[in-house]
1. Assuming ALA221 fulfils every condition listed in (1) touching a Lys or Arg at 6+ places or on another chain (Cβ under 9 Å); (2) more than 23 Å from LYS137 (Cα to Cα); (3) of a type in the set (Gly, Ala, Ser) apart from one, which condition is it?
2. Can you tell me how many residues within segment 29-60 are charged (D, E, K, R) and out of contact with any strand residue (DSSP E or B) (no Cβ under 6 Å at 6 or more places or on another chain)?
3. Could you please let me know if MET127 is in contact (Cβ under 8 Å) with a residue 40 or more places away in the chain and either over 13 Å from the mean Cα position of the chain (by Cα) or surrounded by fewer than 22 Cβ atoms within 10 Å (Cβ to Cβ) (or both)?
Amino acid sequence: MKTSKFFKDKVVLITGASMGIGKDLAWQILQYGGKVIITGRNESRLLAVQDEFHIYSERLIIHNGDVANYENDVELIEKIILQFGKLDAVICNAGMSTDFGDLEITSDKVVEEIIDTNVKGSIFTSMAAIPKLKETKGSILFISSISAFQGQSGYALYSLSKMALTGLFQSLRIETKEAGIFVGIAYICFTKNETTKRILSHDGKLTSVPKRSELLSRPRALTAKIILNQISKRRPRVIHSIFGKFIYFCSKYMPFITYMLFERVYKNIKKSRAAG
């Protein structure tokens, strides 16, 4: 079945979708004829998306809340059922990235923020949604990263949080199999960010995303398209881009190469930051 036909009349919850990949996912699903619920903690950005997507207003719900709060997630699922009567898919996309910084100088507040958003957000959303997904034999997809293949020095918290999603994916895939729920994980490679995107520095301040190589960065629309195709085809695991596949292959079969590569990257970044 074509992806466009699969999502027609489907009800899809996308967390962290006021910008970035989540926003592109919502736009494509709406174009396919689906119904979308997007969440976020920044109400003004959510309202901006609602205004931008106004032609699909009858099939779009925005929800201002924190997915790391279980009560909020239960309320959100109830809101979806009240409005649309069912839930077909959940894309756990909410996440926070960190800037370069050694763990020893990282604020405890940053630790809490990353674990809450990147790990608890996916756990609690899944817990609240599974009973309704059993009714529709629906889908859960976790948005991870190639940072889950090898711990990145200077980005320890981010790597840890994305690795945790692999364990969650593997467990839920077995737990929900008899209920007919599809559980998948997408390992995203570098994707082009909006200029307004911010990440957390080691001391908890919001800072701009470092410039990435244009050769390695993919358009958000393409990344979203691959994710939706993964859900429609029920492919449990998808690694994005040739570079992502290379990192996965090396980390699994030649870990010493991956170790040396990441060690060199770490040293280069640290030297560059020290030089100012």
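Read-outs: derived from the displayed coordinates by stated rules, not from any lab. Please read all numbers here as calculations on a predicted model, not as lab measurements. Glycine gets a Cβ as well: all are built from the backbone with ideal geometry, and neighbour counts include every protein chain shown.
1. Against the list (1) touching a Lys or Arg at 6+ places or on another chain (Cβ under 9 Å); (2) more than 23 Å from LYS137 (Cα to Cα); (3) of a type in the set (Gly, Ala, Ser), ALA221 comes up short only on (1).
2. Restricting attention to segment 29-60, the residues satisfying the condition of being charged (D, E, K, R) are 35, 41, 43, 45, 51-52, 58-59.
When the remaining residues are screened for being out of contact with any strand residue (DSSP E or B) (no Cβ under 6 Å at 6 or more places or on another chain), the result is 41, 45, 51-52, 58.
Selection size over segment 29-60: 5.
3. Criteria met by MET127.
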